[in-house]
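Novice: Below are the structure tokens for one structure; questions will follow.
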Amino acid sequence: MDKAFPFWNDAAMESVNLRAFIGIADEGGISAAARAIDAPESSVSHSLARLEESVGAVLIERHTRQLRLE
């Protein structure tokens, strides 16, 4: 849990991570997802990394110009 946001619990953070993942899946990329959910690209990318870490698997295969759901 982020100490800067003590009111956030694990479920809220997981919700943010899932929202980013669904945005990436729907939009086809991190940049497009960031625009769609009105969030910085770095936040979307970090959310995806946290979600992948929490499930212990790569969810989206990253390439230079394209992403693929695993």
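Read the figures in this text as sums done on the coordinates, not as results from a lab. Since this is a predicted model, take the numbers as computed values, not measurements.
Novice: Could you pull out every residue, at least 5 positions away or on a different chain, whose amide H is within less than 5 Å of the one on Ile37? Hs are placed 1.01 Å off N in the peptide plane, and Pro or chain starts have none.
Specialist: none
Novice: Can you give me the long-range amide H partners of Ile60? Hydrogens built in the peptide plane at 1.01 Å from N, cutoff under 5 Å, separation of 5 or more residues or another chain.
Specialist: Glu70
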